[in-house]
Amino acid sequence: MTEQQAAPRLAVLGAGVMGVSITTLALGRGVPVVLVETDPARRARIRARVEHELRTAQLMGVRPDGPPGELTVTAAAADCQGADAVIEAVTEDAEVKAKALAEIDQLTGPDAVLVTNTSSIPVDELADRISRPEKLVGVHFMNPSYLIGTVEVIHGPRTGRPALDGVARLLGALGRKGVHVADGPGFVTSRLLHRMINDAARIVESGQATAEDVDILMQDCLGHRTGPLRTADLIGLDNLVDSLWVLHRRTGDEGCRPCELLLRKVRDGEHGRKSGRGFYTYTAGGWT
Ligand SMILES: NC(=O)c1ccc[n+]([C@@H]2O[C@H](COP(=O)([O-])OP(=O)(O)OC[C@H]3O[C@@H](n4cnc5c(N)ncnc54)[C@H](O)[C@@H]3O)[C@@H](O)[C@H]2O)c1
């Protein structure tokens, strides 16, 4: 940020994997954040998790020098009043998101930008539930947001130019590059990635190869950065299954029907890195 540009007043809804990741990115760039989380147990752990992520970003050398932005943790969506931009990163459930966005729509002014970080729900479907659909833009931040410099920006058919300009200002303050795509279930990244992860899990389920071997082959032979199943653990298997259902129901693509192994892991509480166990076991982590 230059001295002339004031930091945007940013609010983030949801302090799960992505809410914390996006908040860390913003704070690390000196942008203050109001973080709204409805679950009291999660709320109690937010500051420790954000501090841990800020230290990790610092150690990785991906955080610019300078004091972090101020963090306000709250249970009240009303504390988003006055924000220039609100990013919703709540559970991947169309009804939960629509309710959260409708509430924020009422609380914020006509110039505020509403951003959905959904992985798979079409932006225009969510825009239906707010009074000013032109305010809503999809910005698909990846995890960890402080490490991955590119985001997918999704234009709904009703997204307005002022909202896109607001997103450009926000991404400028966060030092991220946006690649703009049209709306549709899963946009580009989840439409490709989630189906591929589901296929990788099916291979493990069939006994053809272990998770480790699938990941090694995808990394060493095909240049995938982390391997699909380690990526699945990083995303969170519960979120992955929710997104696959969204894709399956809206496209009819049977390749997106979550495989039995994924469903079983979610039922057993093996949600990936955040629960300490998924396709792999983690000694650090396990915060849910
Ligand atoms: N996990 C990833 O790697 C990833 C990547 C890109 C996008 N996304 C998307 O980001 C969103 C969040 O995903 P996640 O993995 O962080 O989910 P998560 O399940 O880890 O966290 C969601 C959080 O939202 C909270 N919440 C629910 N309703 C709320 C409300 N009305 N107000 C405030 N908080 C509320 C929940 O208590 C929970 O803490 C989803 O739409 C997901 O598809 C996830």
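So here's what we get for this one:
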{"quantity": "Failed item, numbered, when ALA85 is tested on (1) within 22 Å of VAL20 (Cα to Cα); (2) away from the ligand (no atom under 11 Å from the Cβ); (3) touching a Lys or Arg at 6+ places or on another chain (Cβ under 7 Å)", "calculated": "(3)"}
{"quantity": "Criterion (surrounded by 15 or more Cβ atoms within 10 Å (Cβ to Cβ), under 18 Å from the mean Cα position of the chain (by Cα), of a type in the set (Gly, Ala, Ser) and more than 16 Å from the ligand (Cβ to nearest atom)) met by exactly one of GLY28, GLY19", "calculated": "GLY28"}
{"quantity": "So LEU107, is it away from the ligand (no atom under 11 Å from the Cβ), more than 17 Å from ALA15 (Cα to Cα) and without any contact (Cβ under 8 Å) to a residue 24 or more places away in the chain", "calculated": "no"}
{"quantity": "Residue in segment 38-45 that is buried (at least 20 other Cβ atoms within 10 Å of the Cβ) and either on the phi > 0 side of the Ramachandran plot or within 15 Å of the ligand (Cβ to nearest atom) (or both) present", "calculated": "no"}
{"quantity": "Within segment 225-246, considering residues that are more than 11 Å from the ligand (Cβ to nearest atom) and in a helix (DSSP H, G or I), the one nearest to LEU192 (Cα to Cα)", "calculated": "PRO228"}
{"quantity": "Qualifying positions in segment 40-76 - among the acidic types (Asp, Glu) and without any contact (Cβ under 8 Å) to a residue 24 or more places away in the chain", "calculated": "GLU51, ASP65"}
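No lab work stands behind these numbers, since they all come straight from the coordinates. Keep in mind it's a predicted model, so treat the numbers as computed, not measured. Positions of Cβ are backbone-derived with ideal geometry, glycine not excepted, and every protein chain shown enters the neighbour counts.
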